[in-house]
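Just below is one structure, and these are the notes that go with it.
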Amino acid sequence: MTLIVVATIDALPDHIDAVRAALETVVPPSRAEKDCLRYELHVDNKIPTRFIMLEEWTDKAALTAHDNTPHFKALGAAVAGKVSKVDVAELSKLK
């Protein structure tokens, strides 16, 4: 069974553009990872400071490998001090 991830990133109001750019940068290399099935960046239509990444990985090991890639680590450094909150939910499909 695959692992679904919903990552919610709340940018500080003065850093919306920088956070968006950093998130956009990580999408292509993440999609290129062999165990990535989906990696989509969204913005909340009602909360313009909120970005949501919808991800699907073959399994937990694939997500762990992703977390250790240079592009993902660079993302963390790029948004440091520019976000108010990051919430990551790991989901398993029931039906």
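The values are calculated or read from the model by the stated rules, or taken from the named source; none is laboratory data. These figures come from a predicted structure and were not determined experimentally. Cβ placement follows ideal geometry from the backbone for every residue including glycine, while neighbour counts extend to all protein chains displayed. Heads up: the accessible areas ignore ligands, DNA and RNA and are worked out on the full protein's heavy atoms, side chains in. Shrake-Rupley method; radii C 1.70, N 1.55, O 1.52, S 1.80 Å.
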**Item:** GNM top mover of THR64, THR25, THR49 - the chain, alpha-carbon springs below 10 Å
**Value:** THR64
**Message:** Lysine pairs in the chain with Cα distance under 28 Å, only those 8 or more apart or on different chains: how many are there?
**Reply:** 16
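Determine the order of ASP67, ASP14 by accessible area, beginning with the largest, at a probe radius of 1.4 Å.
Working: ASP67 65, ASP14 140 Å².
These residues rank, largest area first, as ASP14, ASP67.
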**Value of [θ]222 nm, deg cm²/dmol, for the chain, DSSP H segments ≥ 4, -39500 (n - 2.57) each, nearest 500** = -11000 deg cm²/dmol
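Given that compact globular proteins tend to follow 2.2 N^0.38 Å, what is the ratio of the alpha-carbon Rg of the chain to that value?
Working: Rg = 13.1 Å, N = 95, 2.2 N^0.38 = 12.4 Å.
Scaled against compact globular proteins, the figure is 1.05.
Please give the per residue accessible area of segment 12-78, computed with a probe of 1.4 Å over protein heavy atoms only, in Å². Write down the numbers at each step before the final one.
On the way: 3970 Å² over 67 residues.
I get 59 Å² per residue for this part.
Roughly how big is the chain's charge dipole about its Cα centre, with Cβ charges of +1 (Lys, Arg) and -1 (Asp, Glu), in debye to the nearest 20? Before the final figure, lay out each step's value.
On the way: 12 positive and 14 negative charges, 24 e Å.
Roughly 120 debye, rounded to the nearest 20.
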